[in-house]
Amino acid sequence: MTQDDLLPLIRAQESRGFTMLYDMYSKSLFAVISNLIKDKEEAEDVLQEVFVKVWKNIDSYSESKGRFYTWMLNIARNSAIDKLRSKGHKNSMKNLSADNFVHLLDDNSRTNHKIDTIGIQDFVKKLKPKCIALIELLFFKGYTQQEAADELELPLGTVKTQNRNCINDLRNYLKIN
């Protein structure tokens, strides 16, 4: 099947056209996307978005303006760049998985205060009640700051400020003990 055979099927919104489109172009478009987005799952999500955009916006493609593959390539590249610029992607890069830090918890010789994860809860319990509630949600239950704000019925900015203050209180308390 050629591109000339494929375009009428896509324009007619025939499902076999989508299957052929995916089979013909998914590997090369994924290579372009994954060159920009290093996380495989995120790159796969962007690839899916690209095919949906191509499918829904096929009427905006014009043979007189360039090749079909080049048009799709631009959609893929722009979608990947949009993903990199998105707030969600930037936050996911800041919020590293706990798996990255498990070895630090297991290796007591590398921790300054030799406090295990159970011991830290004992220190947290000595903080103000609002700090206990906030730290419990953010660090022990894995809530995002937005989820904690919703749960505590507080503005997001207040949660961020309280989180910073509570962590500073905890640091100061650990220095004393």
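The values are calculated or read from the model by the stated rules, or taken from the named source; none is laboratory data. What you are looking at is a predicted structure, and each value in this text was computed from that prediction instead of being measured. No Cβ is skipped: glycine too gets one built from the backbone with ideal geometry, and neighbour counts run over all protein chains shown. Side chains are part of the model used for accessible areas, which takes the heavy atoms of the whole protein and leaves out ligands, DNA and RNA. Shrake-Rupley method; radii C 1.70, N 1.55, O 1.52, S 1.80 Å.
Computed quantities for the displayed model
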item	result
Set K83/K160; K56/K83; K141/K175; K83/K125 screened for pairs whose C-alpha atoms are more than 29 Å apart	K83/K125
Probe 1.4 Å, accessible area per residue of segment 1-54, Å²	59
Extension gain from L152 to W55, taking 0.36 nm per residue of separation minus the Cα-Cα distance	30.7 nm
Separation in nanometres of the label points that stand 7 Å from Cα toward Cβ, at T161 and E63	6.3
Computed accessible area, S86, all protein chains, 1.4 angstrom probe, square angstrom	40
